[in-house]
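Undergrad: The structure that follows is given in the form of structure tokens.
The values are calculated or read from the model by the stated rules, or taken from the named source; none is laboratory data. Here the structure is a predicted model, which is why all the values come from computation and not from measurement. Note that we place each Cβ from the backbone using ideal geometry, even for glycine, and neighbour counts take in every protein chain shown.
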Amino acid sequence: METIISGDINRAAELLRAGSLVAIPTETVYGLAGNALDTPCVAKIFAAKNRPSFDPLIVHIGSLETLNDFVTEVPEAALKLIQIFWPGPLTLVLKKKSVIPDLVTSGQETVAIRMPAHPLALELLNKLDFPLAAPSANPFGYISPTTANHVNAQLNGGIPMILDGGPCKVGLESTILDCSKAQLRVLRAGGISIEDIEKIVGKVDIANSSSSNPSAPGMLENHYSPRKPLYLGNPQELIREFSEEKIAVLSFEKKYHEHNNLILSAKGDLAEAAQNLFGFLRQLDQLNVDKIIAEEVPNIGLGRAINDRLRRASKK
Ligand code: TXA
Ligand code: MG
């Protein structure tokens with residue numbers, strides 16, 4: 001199958017209406033989208049990504065009016081967050097209605113929903129009369145794509161179209177917040193900081209990462225990984241330790257190594273670092289090196305989500 005890469009929204013809508021998959025841009029990362037209400041279409045998403053069916057998908061909507069079609073209730077705290085952060089990188093886990101197929105939610109009684117902020121994604125969603133299930137458009141376990149080319153490098157031939165919306169502005173996946181129980185709980189740190197959420201709804205729980213947590217497999221310990229082993233720690237020490245080997249370095253603000261050292265944000269800006277993270281990991285992964293060395297960034301705001309991805313990408 002030849003994969004078309006284009007910004008043609010009408011073509012994307014036609015393909016989706018016909019039950020095909022289309023990779024779509026969002027403000028976080030590119031998603032591999034299909035009709036969320038059509039089980040065979042959802043099955044294609046799992047197959048194209050080589051994703052285990054116990055890992056549920058996020059449902060994307062284009063307008064707030066449709067939310068009640070898919071969930072049984074929207075608690076007050078969720079509604080407050082929606083008013084402030086939607087459209088945007090915040091996914092809410094809510095109790096689902098039966099129109100949402102079991103395959104989307106891996107049989108759970110809850111569904112993860114978000115309204116993406118990318119203008120092309122929103123326009124596309126509003127042309128369709130169904131919501132889009134869309135995981136990140138990468139093979140299961142690999143780094144998420146933040147450009148159309150990243151998607152093409154890995155899913156080329158497997159899907160008919162990649163809707164090109166340019167590089168993703170946020171660069172990290174959405175924050176996932178479980179609002180289905182009385183105590184709100186962050187299941188995945190992401191594009192909206194936990195601090196910003198807590199300003200609106202007060203203290204929230206934060207789920208621990210675990211390799212055996214069935215309710216949030218995106219939290220699997222070995223996720224978002226480059227193929228080359230990544231070592232997270234003090235770059236100077238690691239460079240010394242691996243002095244006999246070919247290495248690449250991913251650092252926050254400053255350079256530690258003459259060659260193959262990418263800097264996430266020379267001005268120390270966490271939003272810029274988030275934007276660069278996945279693209280830089282891919283670049284380093286493609287170099288002729290044995291190991292990638294990386295350092296954590298300040299553990300505040302978006303830095304928590306960046307560190308979360310770095311830890312999962314790293315060798316334990
Ligand atoms: O920014 C994003 O969220 C991107 C873009 C494309 O929207 N999507 C994304 O999807 O990151 P994915 O499939 O890579 O990660 C979705 C995560 C999974 O880890 C899954 O476990 C969790 O959402 N999830 C989905 N439904 C859930 C549910 N009902 N309860 C708990 N976690 C859920
Ligand atoms: Mg993913």
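Undergrad: Which residues, taken from segment 112-128, are in contact with a Phe, Trp or Tyr (Cβ under 6 Å, 6 or more places away or on another chain) and within 9 Å of ligand 1 (Cβ to nearest atom)?
TA: Listed by number, the list is empty, since nothing qualifies.
Undergrad: Still on this model: Which numbered condition in (1) touching a Leu at 6+ places or on another chain (Cβ under 8 Å); (2) in a helix (DSSP H, G or I); (3) not charged (D, E, K, R) is the only one that Phe130 fails?
TA: The number of the failed condition is (2).
Undergrad: Let me ask something else. Restricting attention to segment 95-131, which residues are touching a residue at least 60 places away in the same chain (Cβ under 8 Å) and under 12 Å from Phe70 (Cβ atoms)?
TA: Correct list: Lys95, Val99, Ile100, Pro101, Val104, Thr110, Ala112, Arg114, Phe130, Pro131.
Undergrad: Here's another thing I want to ask about it. Out of everything in segment 255-297 that is more than 23 Å from the chain's Cα centre (by Cα) and without any contact (Cβ under 8 Å) to a residue 12 or more places away in the chain, what residue ends up being nearest to Glu27 (Cα to Cα)?
TA: Filtering first and then ranking leaves Lys255.
Undergrad: For residues that are over 18 Å from Ile113 (Cβ atoms) and more than 12 Å from ligand 2 (Cβ to nearest atom), scanning just segment 17-34, find the one that is nearest to the chain's Cα centre (by Cα).
TA: Pro25
Undergrad: Out of the residues in segment 133-160 that are within 12 Å of ligand 2 (Cβ to nearest atom) and part of a strand (DSSP E or B), which is surrounded by the fewest Cβ atoms within 10 Å (Cβ to Cβ)?
TA: So, considering only residues that are within 12 Å of ligand 2 (Cβ to nearest atom) and part of a strand (DSSP E or B), the one surrounded by the fewest Cβ atoms within 10 Å (Cβ to Cβ) is Tyr142.
Undergrad: Can I ask one more? Can you go through Glu258, Glu237, Glu296 and tell me which one is in a helix (DSSP H, G or I) and of a type in the set (Asp, Glu)?
TA: Within the list Glu258, Glu237, Glu296, the selection yields Glu237.
Undergrad: When you go through Ile24, Ile58, Ile84 one by one, which is the residue that is in contact with a Ser or Thr (Cβ under 9 Å, 6 or more places away or on another chain) and either at negative phi or surrounded by fewer than 16 Cβ atoms within 10 Å (Cβ to Cβ) (or both)?
TA: Ile58
Undergrad: I've got another one for you. If you scan segment 190-220, which residues turn out to be outside any loop (DSSP other than H, G, I, E, B) and either at pLDDT below 80 or touching a His at 6+ places or on another chain (Cβ under 6 Å) (or both)?
TA: Pro217, Gly218, Met219
Undergrad: Pick out the one residue from Thr175, Thr105, Thr91, Thr147 that is in the same structural domain as Ala23 (by TED's automatic domain parsing), within 9 Å of ligand 1 (Cβ to nearest atom) and farther than 22 Å from Leu37 by Cβ.
TA: Thr175
Undergrad: Are there any pairs with C-beta distances below 7 angstrom linking a residue in segment 173-193 that is more than 16 Å from ligand 2 (Cβ to nearest atom) to a residue that is modelled with pLDDT under 95, with the two at least 6 apart or on different chains, and if so which?
TA: Arg185/Ala207; Val186/Ala207
Undergrad: Follow-up. When residues of segment 161-180 are filtered for being surrounded by fewer than 24 Cβ atoms within 10 Å (Cβ to Cβ) and on the phi > 0 side of the Ramachandran plot, how many remain?
TA: 1
Undergrad: Please go through segment 35-59 and pick out each residue that is within 15 Å of ligand 2 (Cβ to nearest atom) and in contact with a strand residue (DSSP E or B) (Cβ under 8 Å, 6 or more places away or on another chain).
TA: Ile45, Ala48, Lys49, Pro56, Leu57, Ile58, Val59
Undergrad: Does Pro131 satisfy the criteria of being farther than 18 Å from Thr39 by Cα and either within 10 Å of ligand 1 (Cβ to nearest atom) or modelled with pLDDT of 95 or more (or both)?
TA: Here the answer is no, as Pro131 does not meet what is asked.
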